[in-house]
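Q: One structure, pasted below without further comment.
The values are calculated or read from the model by the stated rules, or taken from the named source; none is laboratory data. Because the structure is predicted, anything quoted here is derived from the model rather than measured. A quick note on method: Cβ atoms are made from the backbone with ideal geometry, for glycine too, and the neighbour counts reach across all protein chains shown.
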């Protein structure tokens, strides 16, 4: 996602992104696009196995078969108008009035990818 550096998601609470459950933990992230460009996914990569194999984010494009992908979540794609965004920007935003539901938006250039996000809070929190 970034420019040759891993983009990290480090969560100490379970979350749901794009309808997919994400357990607590540390993940490397990547974005995958289908060949026809219609479907986009947020890809969750095993942090520990990537480090053990000495893989860098650059290897996602050059050695994709070696990347230890755990799972992926669907993203909605749209083209944006106005000034292109540079560098890649990731925004996590809560829905008004909620402390557990919101969205994730990834923007760069004139592209925007979004997914709903929901945090699972511990009982009694």
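Q: Could you tell me whether the stretch 24-38 includes any residue that is buried (at least 18 other Cβ atoms within 10 Å of the Cβ), within 14 Å of the chain's Cα centre (by Cα) and part of a loop (DSSP other than H, G, I, E, B)?
A: Within the stretch 24-38 (the criterion being buried (at least 18 other Cβ atoms within 10 Å of the Cβ), within 14 Å of the chain's Cα centre (by Cα) and part of a loop (DSSP other than H, G, I, E, B)), the answer is no, since none of the residues qualifies.
Q: Need pairs with beta-carbon distance below 8 Å; first residue under 20 Å from residue 103 (Cα atoms) and within the stretch 75-92, second exposed (fewer than 12 other Cβ atoms within 10 Å of the Cβ) and modelled with pLDDT of 95 or more; sequence gap 6+ or separate chains.
A: Nothing qualifies.
Q: Going through 83, 66 one at a time, which residue ends up being in contact with a helix residue (DSSP H, G or I) (Cβ under 8 Å, 6 or more places away or on another chain) and loosely packed, with under 14 Cβ neighbours inside 10 Å?
A: 66
Q: What number of residues within the stretch 4-18 are touching a strand residue (DSSP E or B) at 6+ places or on another chain (Cβ under 7 Å) and in a loop (DSSP other than H, G, I, E, B)?
A: Selection size over the stretch 4-18: 4.
Q: Then there's this: Can you confirm whether the stretch 29-40 contains a residue that is touching a helix residue (DSSP H, G or I) at 6+ places or on another chain (Cβ under 8 Å) and under 20 Å from residue 117 (Cβ atoms)? Show your work before the answer.
A: Of the residues in the stretch 29-40, the ones touching a helix residue (DSSP H, G or I) at 6+ places or on another chain (Cβ under 8 Å) are 30.
Now narrow it down to the ones that are under 20 Å from residue 117 (Cβ atoms): 30.
Yes, some residue in the stretch 29-40 is touching a helix residue (DSSP H, G or I) at 6+ places or on another chain (Cβ under 8 Å) and under 20 Å from residue 117 (Cβ atoms).
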